[in-house]
1. Suppose we filter Leu33, Leu22, Leu44 for residues that are more than 13 Å from ligand 1 (Cβ to nearest atom) and within 11 Å of the chain's Cα centre (by Cα); which single one remains?
2. Collect the residues in region 82-93 that are assigned to a loop (DSSP other than H, G, I, E, B) and open to solvent by 20 Å² or more (accessible area, probe 1.4 Å), keeping them in residue-number order.
3. Determine, yes or no, whether Phe79 is among the aromatic types (Phe, Trp, Tyr), closer than 20 Å to Gly144 by Cα and at pLDDT 95 or above.
4. Of the residues Gly132, Gly144, Gly113, which is within 14 Å of ligand 1 (Cβ to nearest atom) and either open to solvent by less than 10 Å² (accessible area, probe 1.4 Å) or modelled with pLDDT under 95 (or both)?
5. Report, ordered by the first and then the second residue, all pairs with beta carbons closer than 6 Å, sequence separation of six or more or different chains, a first member in region 106-126 that is at negative phi and touching a residue at least 24 places away in the same chain (Cβ under 8 Å), and a second member that is assigned to a helix (DSSP H, G or I) and among the basic types (Lys, Arg).
6. Sort out which residues of region 94-110 are under 13 Å from Val31 (Cα atoms) and either open to solvent by less than 30 Å² (accessible area, probe 1.4 Å) or of a type outside the set (A, V, I, L, M, F, W, C) (or both), and write them in order of number.
7. Of everything in region 82-102, what is of a type outside the set (S, T, N, Q) and closer than 23 Å to Leu37 by Cβ? Give them in sequence order.
8. Going through region 34-81 one residue at a time, which ones are within 16 Å of ligand 2 (Cβ to nearest atom), part of a loop (DSSP other than H, G, I, E, B) and either β-branched (Val, Ile, Thr) or crowded, with 16+ Cβ neighbours inside 10 Å (or both)?
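The values are calculated or read from the model by the stated rules, or taken from the named source; none is laboratory data. A quick note: this is a predicted structure, and the numbers were derived from the prediction, not measured. Cβ atoms come from the backbone with ideal geometry, glycine included; neighbour counts cover every protein chain shown. The area values use the complete protein model at the heavy-atom level, side chains included, leaving out ligands, DNA and RNA. Shrake-Rupley method; radii C 1.70, N 1.55, O 1.52, S 1.80 Å.
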Amino acid sequence: MLVGQYFAEDEAAMLKFGQQLLAALESEGVVFLQGDLGLGKTTLARGVIRAAGHVGAVKSPTYTLVEPYEFSGSMIFHFDLYRLSDPEELEYLGIRDYFSKNTLSLIEWPDKGAGFLPLADLEISLAIQGEGRLVSYQSFTERGRLAVSRLNLASNGSR
Ligand code: ADP
Ligand code: MG
């Protein structure tokens, strides 16, 4: 397991981290986004999705549970499982189809889907630090390990 941290002093820095995350993962994998309401999970997802080339709004999928974004040759799925009452409901969403090659899944509130989600390549935890957010990340797979080493090279707060 590899870990690292990044300090996002404001929303713009969070969007920039999203851009670095997309590059570090080569647009593929499963990312769990941890942190309480209002910590910036959707902002980070927006940074990733915009960096992939999406123009226009990135809405929080709070009610739809998942929002798909299609690019030439790849997909991003942005999940928010906050309102999922039973992880088993993910079966009805066709959850298996979401995790395949050339697909990046960003999952807010992954604990709500416990038992029905694949292993995360990366888990990212957000915490308040001063006026900004401390972004902590750790890897669980080889793809994740590579991504963490790339993020640590790219980011300001690498250690
Ligand atoms: P979540 O999805 O975790 O509930 P949001 O992404 O909706 O959180 O963000 C909540 C608020 O936090 C927004 O007003 C956003 O602008 C702000 N925010 C996001 N990232 C940062 C940051 N790095 N520093 C300060 N505020 C931030
Ligand atoms: Mg959110």
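1. Answer to the check: Leu22.
2. Of everything in region 82-93, those that are assigned to a loop (DSSP other than H, G, I, E, B) and open to solvent by 20 Å² or more (accessible area, probe 1.4 Å) turn out to be Tyr82, Arg83, Ser85, Asp86, Pro87, Glu88, Leu93.
3. Numbers: among the aromatic types (Phe, Trp, Tyr): yes; closer than 20 Å to Gly144 by Cα: yes; at pLDDT 95 or above: yes.
In short, yes.
4. Gly132
5. Glu108/Lys41; Asp121/Arg143
6. Restricting attention to region 94-110, the residues satisfying the condition of being under 13 Å from Val31 (Cα atoms) are 98-99, 103-110.
Tyr98, Thr103, Leu104, Ser105, Leu106, Ile107, Glu108, Pro110 - these are the residues of region 94-110 that are under 13 Å from Val31 (Cα atoms) and either open to solvent by less than 30 Å² (accessible area, probe 1.4 Å) or of a type outside the set (A, V, I, L, M, F, W, C) (or both).
7. Tyr82, Arg83, Leu84, Asp86, Pro87, Glu89, Leu90, Leu93
8. Of the residues in region 34-81, the ones within 16 Å of ligand 2 (Cβ to nearest atom) are 34-50, 57-67, 69, 76-81.
Subset that is part of a loop (DSSP other than H, G, I, E, B): 35-40, 57-65, 81.
Across region 34-81, the qualifying residues are Gly35, Leu39, Gly40, Val58, Ser60, Pro61, Thr62, Thr64, Leu65, Leu81.
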